[in-house]
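Input: a single structure, listed below in structure tokens.
The numbers here are math on the coordinates, done by the rules we state, and not lab data. Please read all numbers here as calculations on a predicted model, not as lab measurements. Every residue, glycine as well, gets a Cβ built from its backbone with ideal geometry; the counts of neighbours run over all protein chains shown.
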Amino acid sequence: MKIAFIGGGNMATALIAGLVEEGGAGTQVHVVDPNPEALTRLAAQYGASTSGAIDAAVGAVDVIVLAVKPQQMRDVAQALAPHLTAGPLVLSIAAGIRGADLSRWLGGYGAIVRAMPNTPALIGMGVTGLVAAAGVSAPQRAAADSVLRAVGQTVWLDDEELIDPVTAVSGSGPAYVFYFLEAMQAAAVEMGLRPEQGKQLALATFAGATQLAAQSDESLEVLRQRVTSKGGTTHAAITSMESSGVKAAIVAAMKAAAARGRALGDELGKD
């Protein structure tokens with residue numbers, strides 16, 4: 001499978017690394033980016049062919065991954081449109097950009113998959129929500145799945161409107177985890193532990209709890225209740241969080257992230 005990446009940033013690099021690690025050849029990868037340093041690095045590390053601008057090589061691939069900022073997507077799509085004569089799959093990993101708008105900018109092109117990966121893809125532990133447009137064939141859907149599975153799990157959606165909630169839950173989700181870890185470390189320091197001790201305890205606790213939840217058939221609520229003995233230390237902590245509205249605040253924050261994704265689509269999709 002030949003793949004072109006428009007954009008050679010962190011997520012593109014993670015995908016290329018994952019594909020090569022799974023046994024793909026870097027020589028099957030073409031990267032377009034205006035930053036010569038990024039191109040030099042990708043060519044040296046993975047053997048990818050490179051270009052500073054969209055060129056004929058892009059039109060000779062099976063999958064084109066659009067890994068640019070949402071604000072750049074319209075210009076990139078319009079430059080890409082003349083190179084789609086061979087019918088490649090266009091795989092967008094940009095937040096907010098709707099398939100209908102991308103299709104319009106590509107001159108009515110229909111073989112489009114929208115995807116929302118997250119930053120743990122950088123270490124092969126990402127999770128990506130995907131949705132395919134009506135013009136995507138079964139082999140193209142499988143190709144999109146193959147590309148994103150190189151860096152983690154995939155979750156296919158039936159409705160494009162669900163991409164914004166996916167963005168709120170998993171796309172932005174690592175930041176929420178880091179935020180909570182920051183708070184745990186800060187509390188540890190305030191109670192007398194050294195910063196490195198607080199960080200070690202917080203990280204190991206998060207990793208262990210996540211794996212326990214992943215390997216258990218019980219609900220998250222039941223798992224929490226099993227640790228929360230009435231009148232105990234954990235009960236005191238959970239009671240304090242509940243009285244402060246922590247859960248409600250987290251839900252509201254994630255809804256705000258989803259709303260921003262929709263608003264971004266409205267703003268950038270205007271004619």
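Charged side chains reduced to their Cβ positions (Lys and Arg at +1, Asp and Glu at -1) give the chain a dipole of some 280 debye around its Cα centre. Under a 5 Å amide H to amide H cut-off, with H placed in plane at 1.01 Å, what residues pair with GLY269 once short-range neighbours are removed? Close amide H contacts, sequence-distant or interchain: none at all. Backbone geometry of the stretch 41-58 corresponds, through the Karplus equation with coefficients 6.51, -1.76 and 1.60 at θ = phi - 60°, to 3J(HN,Hα) couplings of 5, 5, 5, 5, 7, 10, x, 6, 7, 9, 7, x, 8, 4, 9, 4, 4, 5 Hz, x marking Gly and Pro. Taking amide H positions as modeled 1.01 Å from N, with prolines and chain starts lacking one, the residues under 5 Å from VAL65 and 5 or more places away or on another chain are ALA4, PHE5, ILE6, LEU91.
Applying 0.36 nm per residue to the separation of ALA213 and LYS69 and subtracting their alpha-carbon distance, the gain on full extension is 48.4 nm. Annotation: amide H of THR154 within the under-5 Å range of THR128, sequence separation 5 or more or interchain, hydrogens built in the peptide plane.
Helical runs assigned H by DSSP (4 residues or longer) give the chain a calculated mean residue ellipticity at 222 nm of -15500 deg cm²/dmol, each run adding -39500 (n - 2.57) before division by the residue total. Computed from backbone phi with θ = phi - 60° and the Karplus coefficients 6.51, -1.76 and 1.60, the 3J(HN,Hα) list for the stretch 193-203 is 7, 6, x, 5, 5, x, 5, 4, 5, 5, 4 Hz; x is used for glycine and proline.
Here the stretch 3-163 is assigned +1 on the Cβ of each Lys and Arg and -1 on the Cβ of each Asp and Glu. Its dipole about the Cα centre then comes out at about 120 debye. Computed from backbone phi, the HN-Hα couplings of the stretch 74-90 come to 4, 5, 5, 5, 5, 6, 7, 3, x, 9, 9, 5, 7, x, x, 6, 9 Hz, rounded to whole numbers (Karplus: 6.51 cos²θ - 1.76 cosθ + 1.60, θ = phi - 60°; Gly and Pro given as x). Summing Cβ point charges (Lys, Arg +1; Asp, Glu -1) relative to the Cα centre of the stretch 18-98 gives a dipole of roughly 280 debye.
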